[in-house]
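Heads up: the structure comes next, in structure tokens.
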Amino acid sequence: MKKFLPLFALVFAFSSEALALEEIKLPAPDTKGGIPLMEAISRRQTVREFSPKAIDDQTLSEILYAAWGISHDGKRTVPTGRDMQNMRLFAARKDGVWEYDAAANSIKKVSDIDVTSYLAKQDFVETSPLTLIYTGTDSQYSPMAAASAYQNVGLYCASRGLNNVVRGYFDRPMIAKVLGMEEDDVIITQTIGWPYM
């Protein structure tokens, strides 16, 4: 058995390194488009129905930018208490879990696991192509940033005709385990997708 341990360690190290290198550069978000703000506020709503249609990279880029992008002078698109900027944003898709890197405008894979089963304590989540996972280590300021972020995303969804719902009902311990963090660091999720046409 001992002679197989070095081989296992080598395979694990190689697969972990390959995973860490997997990155998708997103197209630049369109920061000039959309409907007027007051119209987006009027249209914003929670809808618990999603088609399985994939969210294209341009739309994903704009969703992530709305949630946690860098808008000007190193500032985020949402307010952060004491400018701590200590929230982390993950995109859970069928091909795994990806962390958003706003500075690089990219997503980096952190897990190959399809976490839909951990998120789908409500059936409607099973068909959605995307769930954002908001996390942070600060119990005061990270939740504030997450709330501002999911509101921005809700307004973006209203502008683009996407459905979305903010959700606290999911398997928090398993999501934390996949992300390699404490359970208390997982704040809330937001499921997003196109409506059925």
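Could you tell me whether TYR150 is closer than 17 Å to GLN45 by Cα, in contact (Cβ under 8 Å) with a residue 40 or more places away in the chain and in contact with a strand residue (DSSP E or B) (Cβ under 8 Å, 6 or more places away or on another chain)?
Values: closer than 17 Å to GLN45 by Cα: yes; in contact (Cβ under 8 Å) with a residue 40 or more places away in the chain: yes; in contact with a strand residue (DSSP E or B) (Cβ under 8 Å, 6 or more places away or on another chain): yes.
Answer is yes for this residue.
Considering only residues of segment 113-163 that are charged (D, E, K, R) and within 22 Å of GLU182 (Cβ to Cβ), which is surrounded by the fewest Cβ atoms within 10 Å (Cβ to Cβ)? Show your work before the answer.
Going through segment 113-163, the residues charged (D, E, K, R) turn out to be 114, 121, 123, 126, 138, 160.
If we keep only those that are within 22 Å of GLU182 (Cβ to Cβ) as well, we get 121, 138.
Details: LYS121: 11, ASP138: 16.
For segment 113-163, the residue satisfying everything is LYS121.
Considering only segment 102-128, how many residues are touching a residue at least 60 places away in the same chain (Cβ under 8 Å), in a loop (DSSP other than H, G, I, E, B) and small (Gly, Ala, Ser)?
Initial filter on segment 102-128 (touching a residue at least 60 places away in the same chain (Cβ under 8 Å)): 104-113, 115, 118-119, 122, 124-125, 127-128.
Filter once more, keeping what is in a loop (DSSP other than H, G, I, E, B): 104-105, 112-113, 115, 122, 128.
Imposing the further condition that a residue be small (Gly, Ala, Ser) reduces the set to 104, 128.
Number of matching residues: 2.
Select from segment 166-197 the residues that are in contact with an Asp or Glu (Cβ under 9 Å, 6 or more places away or on another chain) and outside any helix (DSSP H, G or I) and write down the one among them that is nearest to GLN58 (Cα to Cα).
The residue in question is GLY193.
Could you check segment 42-101 for strands (runs of 3 or more DSSP E) lying wholly inside it with 1 or more residues that are closer than 22 Å to LEU119 by Cβ and without any contact (Cβ under 8 Å) to a residue 24 or more places away in the chain?
Working: elements: 70-72, 87-93, 96-101.
Result: 96-101.
For segment 103-137, enumerate the residues that are over 14 Å from ARG172 (Cβ atoms) and of a type in the set (A, V, I, L, M).
ALA103, ALA104, ILE107, VAL110, ILE113, VAL125, LEU130, LEU132
For the condition modelled with pLDDT under 95 and of a type outside the set (Ser, Thr, Tyr), what is the one hit in MET174, MET197?
Details: MET174 fails: modelled with pLDDT under 95.
Unique residue meeting the criteria: MET197.
The values are calculated or read from the model by the stated rules, or taken from the named source; none is laboratory data. Since the model is a prediction, treat every value here as computed from it, not as a measurement. Ideal geometry is used to build each Cβ from the backbone, glycine not excepted, and the neighbour counts take in all protein chains shown.
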